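J.: Structure provided below as structure tokens; questions to follow.
The values are calculated or read from the model by the stated rules, or taken from the named source; none is laboratory data. Quick caveat, the model's predicted, so the values are computed rather than measured. Reconstructed Cβ throughout: ideal geometry from the backbone, glycine too, with neighbour counts over all protein chains shown.
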Amino acid sequence: MTGDGWVGLGVRMREIRLRAGISIREASARSGVDKNTVMRLERGLPVREGSREKICAAYGVLSMRPAFEDVAVERGEGFALSRKGIGRWYRMDLVNDYEPSLVSTSEEVQEERERRRLGGLGFANQFFRRLGAELPGGAFRGGVVEVYGRSGYASQASGEAFVMCLRGRVVFRFPSGDVVLAEGDSVVFDRTLMRMHEPAEGMEKGDLPCVILYLQID
């Protein structure tokens, strides 16, 4: 990541923290990262990937590293365009049932056949590809998720999310009840709600994964 990339990251993460009303001390407690590291990140200085991912999860940001890889995004005045098939697929790690699944930016799995093999064998619950079409400094984030198994329960400090099922059937479990999405169905929810998602039916070896479009506003 370039120096400008670190500075931009620091500005963005500080904006998200302040909008959520979280202090540096609270950010440190939620992420398990030393407060000096949180401050270092916001000042635009390099921070280890593991610490970035923990802070990212505490703020409810989808991932860190992909945001700074300009994945063939076409930009014009006031818009950004990402073409089909562009972007890296990353494995999502389930820490445990009651922590958010983390995007493992060190584990790219670009081949669909390999993702299906790992997912079918239970070595990976989900894979994530970030959409690169984001405005500089904007609040909108999006990605595509291949769902082979359950996610961890998660809630964020603020924001809303829109999810559309592109293939298969996925169930979202909210405190007030379950919502099943079939292909073409969508749901909008408050990201402060504790929730998780998983395939509505059990996955068999060789099955195509469920696929969802996930869009969030920080």
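J.: Counting only residues that are out of contact with any Asp or Glu (no Cβ under 9 Å at 6 or more places or on another chain) and modelled with pLDDT under 50, which one in the stretch 48-70 is nearest to residue 91 (Cα to Cα)?
T.: Ranking the qualifying residues of the stretch 48-70, first place goes to 66.
J.: Can you tell me which of 141, 167, 130 is in contact with a Pro (Cβ under 9 Å, 6 or more places away or on another chain) and closer than 30 Å to residue 77 by Cβ? Write out each step before concluding.
T.: On the way: 141 fails: in contact with a Pro (Cβ under 9 Å, 6 or more places away or on another chain); 167 fails: closer than 30 Å to residue 77 by Cβ.
From the options 141, 167, 130, the qualifying one is 130.
J.: Shifting gears a bit: In this structure, does residue 152 turn out to be in contact with a Leu (Cβ under 6 Å, 6 or more places away or on another chain) and either part of a loop (DSSP other than H, G, I, E, B) or modelled with pLDDT of 95 or more (or both)?
T.: So residue 152 fits the description; yes.
J.: So the check is Cβ under 7 Å with 6+ separation or different chains; which pairs have a first residue in the stretch 128-142 that's assigned by TED's automatic domain parsing to the domain that holds residue 162 and among the aromatic types (Phe, Trp, Tyr) and a second one that's modelled with pLDDT under 80 and surrounded by fewer than 20 Cβ atoms within 10 Å (Cβ to Cβ)?
T.: From residues that are assigned by TED's automatic domain parsing to the domain that holds residue 162 and among the aromatic types (Phe, Trp, Tyr), the pairs are 140/134.
J.: Which of the residues that make up the stretch 121-149 are basic (Lys, Arg) and modelled with pLDDT under 85?
T.: 130, 141
J.: Would you check which residues across the stretch 9-48 are without any contact (Cβ under 8 Å) to a residue 40 or more places away in the chain, assigned to a loop (DSSP other than H, G, I, E, B) and either aliphatic (A, V, I, L, M) or touching a strand residue (DSSP E or B) at 6+ places or on another chain (Cβ under 8 Å) (or both) and list them?
T.: 33, 45, 47
J.: Please work out if residue 75 is crowded, with 16+ Cβ neighbours inside 10 Å, of a type in the set (Lys, Arg) and either at pLDDT below 75 or more than 28 Å from residue 197 (Cα to Cα) (or both).
T.: Against the criterion (crowded, with 16+ Cβ neighbours inside 10 Å, of a type in the set (Lys, Arg) and either at pLDDT below 75 or more than 28 Å from residue 197 (Cα to Cα) (or both)), residue 75 does not qualify.
J.: Is it the case that residue 183 is at pLDDT 95 or above, loosely packed, with under 15 Cβ neighbours inside 10 Å and in contact with a strand residue (DSSP E or B) (Cβ under 7 Å, 6 or more places away or on another chain)?
T.: Answer is yes for this residue.
J.: Out of 188, 211, I need the residue that is assigned to a strand (DSSP E or B) and exposed (fewer than 15 other Cβ atoms within 10 Å of the Cβ). Which one? Before you say what the answer is, go through the steps one by one.
T.: Numbers: 211 fails: exposed (fewer than 15 other Cβ atoms within 10 Å of the Cβ).
So the residue among 188, 211 that is assigned to a strand (DSSP E or B) and exposed (fewer than 15 other Cβ atoms within 10 Å of the Cβ) is 188.
J.: Please give the number of the condition residue 87 fails out of (1) at pLDDT 80 or above; (2) part of a loop (DSSP other than H, G, I, E, B); (3) of a type outside the set (Ser, Thr, Tyr).
T.: If we test residue 87 against (1) at pLDDT 80 or above; (2) part of a loop (DSSP other than H, G, I, E, B); (3) of a type outside the set (Ser, Thr, Tyr), just (1) comes out false.
J.: Then there's this: Got a sec? Which of 133, 124 is more than 13 Å from the chain's Cα centre (by Cα), within 21 Å of residue 16 (Cβ to Cβ) and in a loop (DSSP other than H, G, I, E, B)?
T.: 133
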